[in-house]
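The values are calculated or read from the model by the stated rules, or taken from the named source; none is laboratory data. Computed from a predicted model, the values in this text were never measured in an experiment. Backbone-built Cβ (ideal geometry, glycine too); neighbour counts: all protein chains shown.
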Amino acid sequence: MSQGVRTRPEGSGQPLSEAYDTALLDLDGVVYAGGSAIAHAVDSLAVARSGGMRLAYVTNNALRTPDTVAAHLTELGIPTGADDVITSAQAVARLISEQVPAGARVLVIGGEGLRVALRERGLVPVESADDDPAAVVQGYGGPDLPWGRFAEASYAVRRGVPWFASNTDLTIPSGRGIAPGNGAAVEVVRIATGAEPQVAGKPLPPMHRETIIRTGAKRPLVVGDRLDTDIEGAFNGEVDSLLVLTGVTDGAQLLAAPPQHRPTYVDEDLRGLLTGQPEVTGDGTGFRCGGWTATAGADRLELTGDGEAPDGLRALCAAAWTAAGEGSCALDGGKALARLGL
């Protein structure tokens, strides 16, 4: 990964699937949405895999087990084994196991994915604050998680039991739109207790460590749709990243990204794995990519030229990030993004 503050997306003279040995792929918004595969995902991943790239699926969603996730991906036409799936449940279970005795009881506020991960580490899931737990762990439990589970966590945390969270994503994509995620549930317990959990999931180091341990990746590429989890996680792990525009991040958010949220590469979807990445050239007087030129004016970003939309976005990123330096770009990019259909 390049050192210093990133001021433009990087170029690559070879397909990313050849430049990196392992793709660490987020799931929701990258591979599928609402249970269905995202356009071009199945074919792109098949080509990348056939060329020798290892595919690993890294998710902050602690509800489903690796077996369940692998079965779902296989049904979508992406052959996957449980060993190819790394979840925040696994990361938080390892974190807990390093701080409590072997065989300790852990109060679970979440779904089956957490219970399976805890048992894998030799811990015993329990359901009540009165079961003398050595830790409390909270993970996404789905829309039907009873409200009383948050009270159970609060009782234990208020007694001084160490509190862990698989992740703190405030939202999660669903087939009907954006729904509250585990981070929203964590806020409920935080309000009730005034405590702070230890968090394992993206973008924090425990998740990256779990991923590297399980994949053995030497030159990984993080592929995601969220700046504050996927891209920041890559930044914290000092590895390269590819942002795809098939999930929650839009063009305006990307242009305003502070340094820890700036991806190495930007592309429309997972077809970006199979190609080289065009270089952005230029300086403060204008940044060029493909047929586009972007500049930073007094109060807005300007875009001239024509060509492929991702090239225009890359040029705009260079103009915005250079203008912002170590901060967040406040220049209006709305008109320029509208030209790109973004």
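Checked across the range 272-287, the condition of being touching a residue at least 40 places away in the same chain (Cβ under 8 Å), among the β-branched types (Val, Ile, Thr), within 30 Å of VAL47 (Cβ to Cβ) and surrounded by fewer than 18 Cβ atoms within 10 Å (Cβ to Cβ) holds for at least one residue.
When the range 109-133 is filtered for residues that are assigned to a helix (DSSP H, G or I), surrounded by 24 or more Cβ atoms within 10 Å (Cβ to Cβ) and in contact (Cβ under 8 Å) with a residue 40 or more places away in the chain, the ones remaining, listed by number, are GLY113, LEU114, ALA117.
Are any of the residues in the range 148-169 within 26 Å of ALA256 (Cα to Cα) and either of a type in the set (S, T, N, Q) or assigned to a helix (DSSP H, G or I) (or both)? Checked the range 148-169: at least one residue is within 26 Å of ALA256 (Cα to Cα) and either of a type in the set (S, T, N, Q) or assigned to a helix (DSSP H, G or I) (or both).
Filtered by the rule that a residue be surrounded by fewer than 19 Cβ atoms within 10 Å (Cβ to Cβ) and part of a strand (DSSP E or B), the range 289-319 gives ARG300, GLU302, THR304, GLY305. Residues of the range 1-44 that are over 28 Å from LEU255 (Cβ atoms) and surrounded by 14 or more Cβ atoms within 10 Å (Cβ to Cβ): GLU18, ASP21, THR22, ALA37, VAL42, ASP43. Just give me the residues in the range 156-180 being out of contact with any strand residue (DSSP E or B) (no Cβ under 9 Å at 6 or more places or on another chain) and either under 17 Å from ALA129 (Cβ atoms) or free of Cβ contacts under 8 Å to residues at least 40 places away in the same chain (or both), in sequence order. The answer is ARG158, ARG159, GLY160, GLY177.
Determine whether LYS202 is surrounded by 20 or more Cβ atoms within 10 Å (Cβ to Cβ) and in contact with an Asp or Glu (Cβ under 9 Å, 6 or more places away or on another chain). Taking the combined requirement at face value, the residue satisfies it. Just one of the listed residues (THR74, THR65) is under 23 Å from GLU127 (Cβ atoms) and not assigned by TED's automatic domain parsing to the domain that holds GLY175, namely THR65. Among the criteria (1) at pLDDT 95 or above; (2) more than 24 Å from GLN138 (Cα to Cα); (3) surrounded by fewer than 24 Cβ atoms within 10 Å (Cβ to Cβ), the one VAL223 does not fulfil is (3). Checked against the criteria, VAL58 counts as in contact (Cβ under 8 Å) with a residue 12 or more places away in the chain, in contact with a helix residue (DSSP H, G or I) (Cβ under 6 Å, 6 or more places away or on another chain) and in a strand (DSSP E or B).
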